[in-house]
Amino acid sequence: MRPARLGRLAGLLVAVVPLGLYAAGDAETVYDIRFESGPLLGCLERLALLANVPIVDRSERVASAECSGGRLRATLPQALDQVLAPTGLSWRRRTDGAIDIVVATPEERINLDALTIEDTPLPSLAPVTAATPAVTAMVHEAMSVTRVEQERLTNSPLLSLSQIGRYAPNVYASGASLAIRGQERDLDQFSGLSVRLDGIDLGTSLIEGDMVPVEGLASLQLQRGPRSFERGGSATAGALDLYTEAPSDTPSLRASAGIGNAGAMRGSTAFSTRFGDGESGVRVALERRVMPDYVHEVYVPEANREQRTVDNLFTKFNLVPEWLPGFSLEFALLGVSGDDPALYTARGEFPFPLPEDRESYARDTARTRTRALGSAMNMQYGRDDWNLRLSASSTFARQKGLWLGSGFGPSGDLNNERRRNVGLSGRYLGERWEMAGGLEFSAVSFADLEAVWIAGFRRVGDNRQDMDFRTRSGWVWLGRHWGERFSVGAGLRQVEEKAQQNYVSMACNVGANLVPLPGVCADRESELQFQQFGRIDTSTPVPLVVGNWTIDESNQLSLSHGRGIRSSAGVRPEFIQPAERDDSTQLAWQSEWLQQRLKARLALFRTMIRERFHYVTNHVGARGRVYGAELELDARLSERWRATLGLGSLSSRYDYYRYYNEDPTPRLPGAPRYTALLGLRYGAAQGWYGTLDAYHTAAAETTLDINPGNRRPAYSLADVRIGYRLDDADVSMAVTNAFDELYLDRVDFRYNDRRQETRYRLGDPRRIELRWQYEWR
């Protein structure tokens, strides 16, 4: 092409393109939109992707709001009105074209006829769910939070709860050994980490045995840093919250099935619907999983089994009555019945090198089954600027079975775990001030019973160990906002706790009884052999201070200081101890670039540990410190491609530690020097999709023996899923631990002191599952 013609063509393009863009801007594009029921954040991300426009939350309420599913043909303004009006939120367009989400003012008229009565707006308070912050959004965001929304979970290769820790930096291992920022969850007493499913406290028994279903999850939150101000106890390290899907707008029945290697099978069905004219609805789900039992017992072959079975029933009920504006209720119920997984014991004292054949050399081992029932309720009444909230939860888990392999014959084993909690709170959210306060009562109790038998089924004794924790607390919070630029807040929770432990051993003089049931035989001819009792009362203040500075529309700095507390009765009553206190300070920076296509979160933190209990020497009063950093990147590479990157670094050591170790300040257990994760996702709402989740961790110390020769080795994991999705159907294949890595996942504490054997859990080998799902609407 000649230069003259090229110059004329360039001039024509310069003139035509702006005119085209201007003309396109005059008429709003109409989109065909399909929303999934779940968090409001997911619906807004869908709109931002369709319209290619940044959407920024300036209300601090989007994270806790819900979005109703359904199909819609509308422009962007119409779609925003549709999803925001029921939540009491509104929107405004900035000069650069981006959308700000703000709180709707009382004068704003809601343009949806279904939400107005004689042109009078209904209360804009969002219906309560388990995801609604317990205090305020400022408190909830004080420490780091990684959210994995439904858009990612729908395509993730998630087969079990043990994979949850691979979605955020400085999260390590699973089960009772699950550690956040170098603080392990620990024993099935008051733990350092709260794990909940729609508000149901899962305790320890259910997360150790992979008893909790992950099918139907709509979102999860990995909260890192102390959460004791929000939750009372059990959250000094942080919290893991799982949320299921909201009831669907129209009646739907979903069926799914999976077939895996080594005889694994999965089948589930779920029914969901709404009723009335509002957001009331119900969801019921059933699931059965058949999983391989990978541990092979050498000394006790009668304890072997090829597969174990876990059954789940889950129900969620949401009530938002039209006749009582401002009132909402959510109730969740979980039923579990399943075989407990086996534990691995090495040939020698320690498990290294790890056995590729996964053989266990336990002298005696347990074969038990767990049944559990958990429930949670959240009830709220109020208006857009104030509300009252009542929350309650209850969980009961029973583990029952036999100890096999002992020369004295089988021993009956019965463990009961009971958790109860109730709290009442109120809050006021004004234009400049936010105030909140509440009361909370909780109780956690454990009963461990063992019936000892000799050959010939003669009962010779019973042992019983009881632990009981009773907590009451009150809290207040005050926050101040200066426009959208600055905000500060301070709060205090006072926690009063009574912890006690009782141990009784009795010798029974009874005849033959062919049914080995556990229980204390005090009502029979018996002799008290041994008894111990310990109790301590503690009173601990839990402060929280937060400051936020929004530098501009894309950058925010936060500085926070809070305290986490954790109680532990030790392994014997004489070692009962006061509450552990961990004070943590964090500086965080959040930023967005390229019209929100690239998001970054950086956090620097320091934690001072006091009164840490160590289970090897039953030592009370260990002190330590943790320094760390976390970086998270989330990039939308295109309409179909998305990537996430997480990097975590820890420097953690004891300052004071009484043990036979040449190093006077060894590293804290469960605190690898670094963790790294990478996620890649491809696909749209329909058609082909694919996901890769990779995770790597450095070596870490074991809690039972801090010794370089017995350090947990480093390992790398990769999970993959490829599938094809239609409007009502989905077929996919998921592969976890794709490289078949052999690694030590966690250490089990429940039986160590009783059997004088260290028991470990190896990570699952490569698992492959072919999934099918269909939904009738």
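Quick notes on this one:
- Residue match in segment 217-237 (condition: in the same structural domain as Met608 (by TED's automatic domain parsing), free of Cβ contacts under 8 Å to residues at least 40 places away in the same chain and in a strand (DSSP E or B)): no
- Taken across segment 602-610, residues that are in a strand (DSSP E or B), aromatic (Phe, Trp, Tyr), modelled with pLDDT of 90 or more and surrounded by fewer than 17 Cβ atoms within 10 Å (Cβ to Cβ) do not occur at all.
- Glu356 vs. criteria assigned by TED's automatic domain parsing to the domain that holds Val214 and modelled with pLDDT under 90: yes
- Output for segment 163-192, where each listed residue is touching an Asp or Glu at 6+ places or on another chain (Cβ under 8 Å) and within 26 Å of Ala447 (Cα to Cα): Ser174, Gly175, Ala176, Ser177, Leu178, Gln183, Asp188, Gly192
- Test: Gln595 is part of a loop (DSSP other than H, G, I, E, B) and modelled with pLDDT under 90: yes
- In summary, Phe739 fulfils each of the numbered conditions (1) part of a strand (DSSP E or B); (2) at pLDDT 80 or above; (3) among the hydrophobic types (A, V, I, L, M, F, W, C) with the single exception of condition (1).
- Any hit, segment 172-193, residues being within 11 Å of the chain's Cα centre (by Cα), closer than 26 Å to Arg673 by Cα and assigned to a strand (DSSP E or B): yes
- Residue in segment 534-542 that is part of a strand (DSSP E or B), modelled with pLDDT under 80 and not β-branched (Val, Ile, Thr) present: yes
- Of Arg196, Arg166, all but one fail to be part of a helix (DSSP H, G or I) and among the charged types (D, E, K, R); the exception is Arg166.
- Restricting attention to segment 688-715, the residues that are out of contact with any Leu (no Cβ under 6 Å at 6 or more places or on another chain), at pLDDT 95 or above and not aliphatic (A, V, I, L, M) add up to 8.
- Among (1) in contact with a Phe, Trp or Tyr (Cβ under 9 Å, 6 or more places away or on another chain); (2) crowded, with 23+ Cβ neighbours inside 10 Å; (3) more than 20 Å from Asp384 (Cβ to Cβ) - the single one Val135 does not satisfy: (3)
Here's the yes/no breakdown for (1) surrounded by 24 or more Cβ atoms within 10 Å (Cβ to Cβ); (2) at pLDDT 95 or above:
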{"residue": "Ile180", "(1), (2)": "yes, no"}
{"residue": "Ser191", "(1), (2)": "yes, no"}
{"residue": "Asp198", "(1), (2)": "yes, yes"}
{"residue": "Pro213", "(1), (2)": "yes, no"}
{"residue": "Gln221", "(1), (2)": "no, no"}
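The values are calculated or read from the model by the stated rules, or taken from the named source; none is laboratory data. Nothing here was measured: the structure is a model prediction, and the numbers come from that model. Positions of Cβ are generated from backbone atoms using ideal geometry, with glycine treated the same way; all protein chains shown enter the neighbour counts.
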